[in-house]
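What follows draws every value from the coordinates through simple rules; no lab data is involved. On a predicted model such as this, the values are computed, not experimentally measured, just so you know. Every residue, glycine as well, gets a Cβ built from its backbone with ideal geometry; the counts of neighbours run over all protein chains shown.
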Amino acid sequence: MENPYLPYPVRIEAIVTETEDKNLKTFKLVFLNAEDEDKFTYRPGQFAELSIPGKGEIPIGIASSPIETGFVLFTVNKVGVVTTHLHNMKEGDIMGIRGPLGNWFPWDKMEGRSVVIIGGGFAFTTLRSSIVYMLHPENRSRFEDITVVYGARTPGMLLYRDELAQWEQRDDLDMNITVDGTDDPDWRYNVGFVPAITEQKITRADNAIAIVCGPPIMIKFTQPVLEKLGFPLEDIMLSLEMRMKCGIGMCGRCNIGDQYVCKDGPVFSMAQLRELPLEY
């Protein structure tokens, strides 16, 4: 049995500063050993631990898609010791990845159905992975309508802006971008909180499933909107990746009731969460 604590060595191939405050960067990582890349088989919705020798590790959702081969992407918010050190690293530096960890969005259940994707802030990472996966020519026909609602505080805090612009131009994806507020006279998208825009743009729940990832306050107020639209609780999928800690159920810091988010999640249906101590 392989050591679950042993990370795979990777090289930072590229770094992209995503937001105007420079606190969110996307790291493109390449495995040093081809056999490690073969072992790192994941699905959209999973996460991994990024390991910095001498500093520690952090759980981060995987932003790349399985159909993007030769690298993996992670978008990291600078909020603590490990993330600050990672933000100060340079292209060519060596670090580690441990994973993939957790479960994933219910892709078998989503096949043949419409998919509503709702995200906010930097939690859009695994949703970016999901969109890229679904839009791939080999996968797009497996799903019906795809609708996305994605919001950030301001235009400068949106992630993946080049891709957002490309997705907006597609006729097989309904892309709805919003910000909480802006004084930019050239802003041509929505202004309003994600739950309100969801209520405006999503008109029905027929043969549809919703996947949601964002800050707790966004999730809290998006839930009743989806229920009002007619989504059954078992078809509202929430990612609780912000609860991640060790990733393998050893530290006990991510549990909700008898469920370990890092092993039993991070993806849960609303029906599952209603049976657990209240989180949202």
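Eigenvalues of the alpha-carbon gyration tensor of the chain, scaled by 5 and square-rooted, set the equivalent ellipsoid semi-axes at 29, 22, 19 angstrom, largest first. Helices that extend 18 Å or more along their long axis by alpha-carbon positions and average at least 0.0 on the Kyte-Doolittle scale are, among the DSSP H runs of the chain, 216-229. Taken over region 1-124, the alpha-carbon convex hull comes to 121 cubic angstrom per residue. Pairs of alpha carbons in region 107-239 separated by more than 25 Å make up 19% of all such pairs.
Residues of region 55-96 with the amide nitrogen closer than 20 Å to a label point 7 Å from the Cα of His136, along Cα-to-Cβ, please. Once the point is set 7 Å along Cα→Cβ of His136, 61-75 turn out to lie under 20 Å by backbone N, inside region 55-96. For region 4-14, 3J(HN,Hα) computed residue by residue from phi via the Karplus equation (6.51, -1.76, 1.60; θ = phi - 60°) reads x, 8, 8, x, 7, x, 9, 10, 6, 8, 7 Hz, glycine and proline entered as x. Largest GNM mean-square fluctuation across Leu101, Leu29, Leu229, computed for the chain with C-alpha springs under 10 Å, falls on Leu229.
With the cut-off at under 13 Å, measuring from each backbone N in region 87-113 to a point 7 Å along the Cα-to-Cβ line of Leu32 picks out 92-97. One decimal place: the segment Lys109-Thr182 gains 22.5 nm when fully extended, by the rule 0.36 nm per residue minus the C-alpha distance. The spacing between region 186-236 and region 41-95, judged by their C-alpha centroids, is 28 Å. With the simple spin-label model, which puts each label point 7 Å out from Cα in the Cβ direction, the Glu20 to Lys220 separation comes to 2.7 nm. For the peptides 107-116, 42-51, the ranking by mean Cβ contacts within 10 Å, running from highest to lowest, is 42-51, 107-116.
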